[in-house]
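First up is the structure itself, then whatever we jot down about it.
The values are calculated or read from the model by the stated rules, or taken from the named source; none is laboratory data. Remember, it's a predicted structure, so these values are computed and weren't measured experimentally. We place every Cβ from the backbone using ideal geometry, glycine too, and count neighbours over all the protein chains shown. Note: accessible area is taken over every heavy atom of the protein model, side chains too, but ligands, DNA and RNA are not part of it. Shrake-Rupley method; radii C 1.70, N 1.55, O 1.52, S 1.80 Å.
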Amino acid sequence: MTSHGHIFSSNEIELANGRPFNPAHPNHHMVDAETIAHSLSNQCRFGGHCSSFYSIAEHSVLVASKLRRLGAPLSLQHAGLFHDAAEALNGVGDVQRPAKGLLDHAYRERERKLDQTVWRSVAWPDKAREPLWQTAQLHDDLLKRVDVWAVLFEASILMGSEGQGWEQTVDDAYEAAVAIPDHDDDRIECWSPATARRIYLDLHRRLVHETYGWAVAA
């Protein structure tokens, strides 16, 4: 479904599926997992200042996979996969961590609404069963710790500084992040957007299958 013939207003962005979307007044009917994956796979982390293209989608897969290796429940793994999904819909994209303190309450409230929008559009495909994840899990302590671990791990590989001094950018979260153990499977591949999109959606479908016991069409 696309929005052919729709006249976009100054408050709307056009999503990858062709639908209009107002970030200030989000409509979950306009959003789907494929559109989120498409956007995140085309957006580079760290404002594009890293040595190679590294997408938000690949970062999200890294976080979800790390949670799996740590034995987190499926719902938290799914929350990890979609923890940055609002960046596909906010009209701004990835806000680097040191700049987040500059954002006002209104922006953070819009992010909360976008997280809820993603949840309504993706997390509850079977209304007769429990949702795949809950929005409260986006603020889960383990997920937050793994997200900070990922920042430091990514910086050590992708940034010119090799992550030296980056503990200052995560402040009091640093000690919690370094307590996360490394695994041999922790890797950064710098996938192409097409590959990142495919792997992101494959992981989403696998988590749906493991949670509900039924497959999601490609």
Computed label-point distance, nm, for sites Glu130 and Ile157 using a 7 Å Cα→Cβ extension: 3.2 nm
Three principal axis lengths of segment 76-218 [C-alpha, angstrom, descending]: 48, 40, 29
Build a GNM of the chain with springs between Cα atoms under 10 Å: which of Ala194, Ala37, Ala123 gets the top mean-square fluctuation? Ala194
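Could you work out the longest stretch of the chain that avoids the trypsin sites (Lys or Arg not before Pro) located in DSSP loops with at most 15 other Cβ atoms within 10 Å? Numbers along the way, then the final one.
Details: sites that count: Lys127, Arg129, Arg187.
By the stated rule (loop sites, at most 15 other Cβ atoms within 10 Å), 1-126.
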Size of electric dipole in segment 1-71: Cβ of Lys, Arg +1 and of Asp, Glu -1, about Cα centre, debye, nearest 20: 400 debye
In deg cm²/dmol, rounded to 500, what helix-only [θ] at 222 nm does the chain give when every DSSP H run of at least 4 residues adds -39500 (n - 2.57) and the total is split over its residues? -13500 deg cm²/dmol
Only Lys, Arg (+1) and Asp, Glu (-1) charged, at Cβ; the chain dipole about Cα centre in debye: 660 debye
Just to be sure I understand: with springs between alpha-carbon atoms less than 10 Å apart, which residue in Val92, Val146, Val122 has the highest mean-square fluctuation in the Gaussian network model of the chain? Val92
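Report in % the part of the accessible area of segment 9-122 that belongs to carbon and sulfur, leaving out ligands and nucleic acids; probe 1.4 Å.
Details: 2310 of 4730 Å².
About 49 percent, which is the carbon plus sulfur part of the accessible surface.
Let me know the longest stretch in the chain that avoids all chymotrypsin sites (Phe, Trp or Tyr not before Pro) found in a DSSP loop with at most 12 other C-beta atoms within 10 Å.
Numbers: sites that count: Phe8, Trp214.
The longest such stretch corresponds to 9-213.
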Which lysines, on any chain, are close to Lys144 with Cα under 18 Å apart, when same-chain ones fewer than 8 places away are left out? Lys66, Lys100
With the 1.4 Å probe rolled over protein heavy atoms, segment 72-113 has an accessible area per residue in Å² of 47 Å²
Compare Asp126, Asp84, Asp186 in a GNM of the chain, Cα atoms joined below 10 Å, and give the one with the largest fluctuation. Asp126
